[in-house]
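Q: Let me give you the structure first, and then I'll get to my questions.
The values are calculated or read from the model by the stated rules, or taken from the named source; none is laboratory data. Since we're looking at a predicted model, the values are computed, not measured. As a convention, Cβ positions derive from the backbone with ideal geometry for all residues, glycine included, and neighbour counts pool all protein chains shown.
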Amino acid sequence: MAEATTQGVPAFLEVRDLSVCYGPLRALDGVSFELARGETLALVGESGSGKSTLARTLAGLQPARSGSVHFDGIALLSLRRHAWRPLRRRVQLVFQDPSASLDPRLRVGAIVAEPLAIHGLLRREARGPRVAELLGQVGLAPAFAERWPHQLSGGERQRVGIARALATEPELLLLDEPVSSLDVSVQAQILNLLADLRERQGLAYLLIAHHLGVVRQLADRVAVLFAGRVVEVAPAEGLFSAPLHPYTQALLAAAPRGVPGRRPRSAPAMAAEAPPAAGGCAYRSRCPLAIARCAGEVPLPAPSGAGHRVACHRAGEAPGA
């Protein structure tokens, strides 16, 4: 049964102790979080932290080793393949690279109409008007239905990908770094579009992003992932104004201010030559506050203010806490 979110609203999506492995590699290690209806939760972290693995697992594309995922009370991890079909109408995935996610052999109209055909939602003669409506929802003229993907800009291709995801009238969108491959100016346009769609259609978003700045204008709450573990989760404003985990602080310090989508400068606490440590706190080899306890004991998420949880033995001592 779904527990309440930090806002006291029953969880629409509830993930508990989720672990995913690729052979001996544990890509996700006991991940837990909740998402309410109509809420946007941003999941952030550097490359290799497990963000895309999480999106694929929630979409039923990647098996989990252990844990549980409940969507509107339905236990997803125990479903057989055929049982996923009706759920795919309600949960849609928007991919990171719009160039790779659109079939180059199909015109835009056929791409957007494909989910309608797969799920038998409309008769063939009714699909054209519905495609035009969907294109309009994402800011594209009906004439775009006749174009090929290679004739579109990156932002236009991502708008088509979002229109395709909206075709089944989903309740939850899994947004896997939807703006990371786009120019900075286009990123802002797509984020504004997503914000408008959420307001008009009451969608819930799990927004997976590489950097905290991308999600500041869209997220209600933010969960920070490092080495397959959630190290901090908080309301967006609380996390940006008072990050408690040293890794979250490193992400914020490395992100250029006022430029939501630009890749950050490198920071000493995020140096590539310091891999996640085995056992104990995975961040300790990079952390300036690490002590002996960090090597022998995995820090568990603990409350630290309203809706704020942090997994750090020295969270209260971190600079800026």
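Q: Going through Gln189, Gln151, Gln137 one at a time, which residue ends up being more than 24 Å from Gly45 (Cβ to Cβ) and in contact with a Gly (Cβ under 7 Å, 6 or more places away or on another chain)?
A: Working: Gln151 fails: in contact with a Gly (Cβ under 7 Å, 6 or more places away or on another chain); Gln137 fails: in contact with a Gly (Cβ under 7 Å, 6 or more places away or on another chain).
Being more than 24 Å from Gly45 (Cβ to Cβ) and in contact with a Gly (Cβ under 7 Å, 6 or more places away or on another chain) holds for just one of Gln189, Gln151, Gln137, which is Gln189.
Q: Any chance you could count how many residues in region 163-173 are in contact (Cβ under 8 Å) with a residue 60 or more places away in the chain and in a loop (DSSP other than H, G, I, E, B)?
A: Residues that pass the stated criteria total 4.
Q: Further, regarding this structure: Look through Leu116, Leu121, Leu106 and report the one residue that is in contact with a Leu (Cβ under 9 Å, 6 or more places away or on another chain) and aliphatic (A, V, I, L, M). Can you show your working first?
A: Values: Leu121 fails: in contact with a Leu (Cβ under 9 Å, 6 or more places away or on another chain); Leu106 fails: in contact with a Leu (Cβ under 9 Å, 6 or more places away or on another chain).
The conditions single out Leu116.
Q: Let me ask something else. Out of region 242-278, which residues are modelled with pLDDT of 60 or more and farther than 24 Å from Ser32 by Cβ? So that I can check it myself, show each step before the final result.
A: Taking region 242-278 and keeping what is modelled with pLDDT of 60 or more, we get 242-256, 276-278.
Result: Ala253, Ala254, Ala255, Pro256.
Q: Filtering region 37-63 down to residues that are small (Gly, Ala, Ser) and surrounded by fewer than 22 Cβ atoms within 10 Å (Cβ to Cβ), which residue is modelled with the highest pLDDT? Steps first, please.
A: The first filter runs over region 37-63 and keeps only residues small (Gly, Ala, Ser), leaving 38, 42, 45, 47-50, 52, 55, 59-60.
Now restrict to residues that are surrounded by fewer than 22 Cβ atoms within 10 Å (Cβ to Cβ): 38, 47-48, 52, 59-60.
Working: Gly38: 94, Ser47: 86, Gly48: 87, Ser52: 89, Ala59: 91, Gly60: 89.
The qualifying residue modelled with the highest pLDDT is Gly38.
Q: Among the candidates Val186, Val179, Val160, Val230, single out the residue that is assigned to a loop (DSSP other than H, G, I, E, B), touching a residue at least 24 places away in the same chain (Cβ under 8 Å) and of a type outside the set (D, E, K, R).
A: Going through Val186, Val179, Val160, Val230 in turn, just one is assigned to a loop (DSSP other than H, G, I, E, B), touching a residue at least 24 places away in the same chain (Cβ under 8 Å) and of a type outside the set (D, E, K, R): Val179.
Q: In region 190-209, what residues are under 24 Å from Ala113 (Cβ atoms) and part of a helix (DSSP H, G or I)?
A: Those that are under 24 Å from Ala113 (Cβ atoms) and part of a helix (DSSP H, G or I): Ile190, Leu193, Leu194, Asp196, Leu197, Arg198, Arg200, Gln201.
Q: So, one more: Looking at Asp103 and the list (1) under 16 Å from Ala165 (Cβ atoms); (2) without any contact (Cβ under 8 Å) to a residue 24 or more places away in the chain; (3) assigned to a loop (DSSP other than H, G, I, E, B), which single condition is not satisfied?
A: Answer for Asp103: the failing condition is (2).
Q: In region 107-157, how many are without any contact (Cβ under 8 Å) to a residue 12 or more places away in the chain, among the hydrophobic types (A, V, I, L, M, F, W, C) and in a helix (DSSP H, G or I)?
A: 5
Q: Which pairs do you get when a residue that is at negative phi and surrounded by 22 or more Cβ atoms within 10 Å (Cβ to Cβ), found in region 195-218, comes within reach of a residue that is in a helix (DSSP H, G or I) and among the small types (Gly, Ala, Ser), reach meaning Cβ atoms under 6 angstrom, with the pair 6+ apart or on two chains?
A: Ile208/Ala55
Q: Spot the failing condition for Gln7; the list is (1) at pLDDT 95 or above; (2) out of contact with any Leu (no Cβ under 7 Å at 6 or more places or on another chain), and only one is missed.
A: With (1) at pLDDT 95 or above; (2) out of contact with any Leu (no Cβ under 7 Å at 6 or more places or on another chain) applied to Gln7, the lone miss is (1).
Q: Going by the conditions given, is Leu43 of a type in the set (A, V, I, L, M), more than 19 Å from Ala282 (Cα to Cα), touching a residue at least 12 places away in the same chain (Cβ under 8 Å) and out of contact with any Cys (no Cβ under 9 Å at 6 or more places or on another chain)?
A: Spelling it out, it is not the case that Leu43 is of a type in the set (A, V, I, L, M), more than 19 Å from Ala282 (Cα to Cα), touching a residue at least 12 places away in the same chain (Cβ under 8 Å) and out of contact with any Cys (no Cβ under 9 Å at 6 or more places or on another chain).
Q: For region 9-66, name all the residues that are part of a helix (DSSP H, G or I) and more than 14 Å from Val91 (Cβ to Cβ).
A: Lys51, Ser52, Thr53
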